[in-house]
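Just so you know, all these numbers are worked out from the coordinates, no wet-lab data involved. None of the values given here were measured: they were computed from a predicted structure. Please note: Cβ atoms are built from the backbone with ideal geometry, for glycine as well, and neighbour counts cover all protein chains shown.
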C-alpha cells in the first residue's frame, strides 16, 4: 500500500472524514462478503494475498473498486477495530433517506443512543424481526462508525436509517407510538398491538419527557431481580419480540 492509501483508510475511522469523502469502512471476512454481494458501490478493497486468491469471484463483481494487496502490518495500520481483519472495504455512503415508514408496519425510533455496540446490535435486531426502518435523533451515534458497522453483521444493508429531529418526524407520522420506560404498562398485557413505532431512549437517561408525552402507549419489561435497568439493545430485542410477533 502507498502512504497516501494508508492515510486515506485511516482518515475514514473519523466521522469528519467519512462525511467529507462520503464513504465508510467495512472490515472482516463475513461483513466484506455481505457488502460485496450487495447492491452498493465499493471504491477500494484492501486485503491479504490469501483473501484475494480465495475471493476472486466476489472481487470480479466490483470492477469499480481499486484492489490493493496489503501486508499484515498495513492491515493493522488501516483497521479502525481493536483486532485487524484480513480485508477492509471502502464503501460509498448511500444518499440520505427521507422516505417515512409505511403505515401498518413496525419501525424503531431511537433517541440519543450513543454506544456503537448498542446501535449495531439494535440494527441487527431490527433486521431479525423484519423491521425495515429506524429513525434516529441527530445525537445518536453515527451508523457508519466502524464499530456500529461491525456489530450490524450486514444488517445495515437491509435496514433504512432516517436521521431527523424526532419531533419533526412525529408531527408527520400518526402511527401508534410505543415508548419504553420504567413506569409503563407491563408489555405482557399489550395484546394484538397495532403496528407502529417502538421508541427506545438513551442508555442512562431513557426517553425525554417530550417523547413520553407524545406516546400513545407507555410500556415496560417487568423485572424479577434487582438490576436497576436493562441494556438498551437487550430491551429493544425483548420489546420487538413481544410486540411484532403478535402481528
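A straight line joining the Cα centroids of the stretch 43-105 and the stretch 151-193 runs 30 Å. Once you order the gyration tensor axes a ≥ b ≥ c over the Cα atoms, which shape class does the stretch 3-92 get: rounded for a/c under 1.5, otherwise prolate or oblate by comparing a/b with b/c? Oblate shape, in that a/c is at least 1.5 and b/c is the bigger or equal ratio. For the chain, DSSP calls about 30 percent of its internal beta bridges antiparallel.
Adding -39500 (n - 2.57) for every DSSP H run of four residues or longer, then dividing by how many residues the chain holds, sets the calculated 222 nm ellipticity at -9500 deg cm²/dmol. Multiplying the residue separation of residue 15 and residue 226 by 0.36 nm and removing their Cα-Cα distance gives an extension gain of 72.1 nm. Take every Cα pair under 8 Å whose residues are at least 6 apart in sequence, average their separation, divide by the length of the chain, and the relative contact order is 19 percent. Taken along the Cα-to-beta-carbon direction at a fixed 7 Å, the label points for residue 53 and residue 98 span 5.0 nm. Of the residues 128, 35, the one with the fewest other Cβ atoms within 10 Å heads the list, and the complete ranking is 128, 35. Angle of helix 232-244 to the longest C-alpha principal axis of the chain, folded into 0 to 90 degrees and rounded to 10: 60°.
The listed peptides 66-73, 205-212, ordered by packing as a protection proxy, come out as 205-212, 66-73 (highest mean of other Cβ atoms within 10 Å first).
Taking 224, 14, 41 as the candidate residues, the one with maximal mean-square fluctuation in a Gaussian network model of the chain, Cα springs under 10 Å, is 224. Panel order for 136, 240, by other beta carbons found within 10 Å of each beta carbon, from fewest to most: 240, 136.
Fully extending the segment from residue 216 to residue 167, taken as 0.36 nm per residue of separation minus the present Cα-Cα distance, adds 16.2 nm. Quick check on the stretch 107-244: take the gyration tensor over C-alpha atoms, sort the square-rooted eigenvalues as a ≥ b ≥ c, and tell me if it's rounded (a/c under 1.5), prolate or oblate. Rounded, because the longest to shortest axis ratio a/c is under 1.5.
Going by neighbour counts of Cβ atoms within 10 Å, the residues 233, 132, 247 line up, fewest first, as 247, 132, 233.
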